[in-house]
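The values are calculated or read from the model by the stated rules, or taken from the named source; none is laboratory data. All of these numbers come straight from a predicted model, not from anything done at the bench. No Cβ is skipped: glycine too gets one built from the backbone with ideal geometry, and neighbour counts run over all protein chains shown. The protein model used for the area step is the full one, side chains on, heavy atoms only, and it has no ligands, DNA or RNA in it. Shrake-Rupley method; radii C 1.70, N 1.55, O 1.52, S 1.80 Å.
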Amino acid sequence: GHHETTWLMLRQMMKHIKSGMSVLDLGSGSGILSIAAIKLGAEKVDAVENDTDCESNFNENLQLNHIEENIHYYNDDALTWGNFNYNIILANINRNIIEELIPKFRGTKAKVILSGLLKTDYRFIESKCNVNKLKVTEKISKGEWICLVL
């Protein structure tokens, strides 16, 4: 959790996740954000990760944090995931994947928190959001990285 993008995501999660919410974690990796969502009061977390090597680390981190329920791990591609009916959607992924995900978020009522983006990506991503009827409501940065809330 020491990388700037993880720190940024955690900071925004502490602000936006409330008890009882449902959370989708796209590109969940080792599960840090999924675990934090549960610790912050999320009732249900769906974690989607394409890299099969991450699953054992994800499960180990669940055990280390004494989490046995309410997180569901899916070995799947974030770009083919079709359900966006959540309160919060997290995506701490690279710019290319975020660029492809943005149109998929168009119809969701979820608050979307994005990172894995450089400061230099901001204008392009903001424009992509505007074209897809999504509004950047918050932008924070740390080092060369940014985190956006849509």
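Hey, got a sec? Which GluC sites (Glu not before Pro) in the range 46-83 land in a DSSP loop and have at most 10 other Cβ atoms within 10 Å?
For GluC sites (Glu not before Pro) across the range 46-83 that sit outside H, G, I, E and B with at most 10 neighbouring Cβ atoms in 10 Å, the list reads GLU68, GLU69.
Quote the relative contact order of the range 1-57 in percent (integer), defining contacts as alpha-carbon pairs under 8 Å separated by 6+ residues.
Computed value for the range 1-57: 35 percent relative contact order.
Which value, in Å to one decimal place, does the Kirkwood hydrodynamic radius take for the range 1-73 when every pair of different Cα atoms is included?
Answer for the range 1-73: a Kirkwood hydrodynamic radius of 12.2 Å.
Determine the principal axes of the Cα atoms in the range 1-129, then give the extent along each, sorted from largest to smallest and rounded to whole angstroms.
Rounded to whole Å, the extents work out to 41, 30, 28 Å.
Relative contact order, percent, of the chain when contacts are C-alpha pairs under 8 Å separated by at least 6 residues?
Normalised by residue count, the contact order of the chain is 24 percent.
Please give the per residue accessible area of the chain, computed with a probe of 1.4 Å over protein heavy atoms only, in Å².
Per residue, the chain has 52 Å² of solvent-accessible surface.
Express as a percent, rounded to the nearest 5, the fraction of DSSP beta bridges in the chain (both residues included) that run antiparallel.
On the way: 10 of 29 bridges.
Beta bridges within the chain, antiparallel portion: roughly 35 percent.
If I compute solvent accessible area with a 1.4 Å probe over the protein chains, what percent of it on the chain is carbon and sulfur? Let's see the in-between values first.
Values: 3490 of 7760 Å².
Here it works out to 45 percent.
Connecting C-alpha atoms closer than 10 Å in a GNM of the chain, tell me which of ARG95, ARG106, ARG123 has the biggest fluctuation.
Evaluated over the chain, the most mobile residue of the options is ARG123.
Evaluate the distance, in nm, between pseudo-label points positioned 7 Å from the Cα of ILE140 and of ASP77 along their respective Cα→Cβ axes.
With each label placed 7 Å out from Cα toward Cβ, I get 3.3 nm.
May I ask you to rank TYR86, TYR74, TYR122 by accessible area, largest first, using a 1.4 Å probe over the protein chains only?
TYR74, TYR122, TYR86
Straight distance only, please: which aspartates and glutamates reach the Cα of LYS44 with their own Cα at less than 16 Å, same-chain residues fewer than 8 apart left out?
Filter leaves ASP25, GLU68, GLU69.
Most mobile of LYS111, LYS135, LYS15 per a Gaussian network model of the chain (Cα springs, under 10 Å)?
For the chain, modelled as a Gaussian network with Cα springs under 10 Å, the answer is LYS15.
Excluding same-chain residues fewer than 8 positions from LYS119, which lysines have a Cα within less than 19 Å of its Cα?
Within the straight-line cut-off, LYS119 pairs with LYS128, LYS135, LYS139, LYS142.
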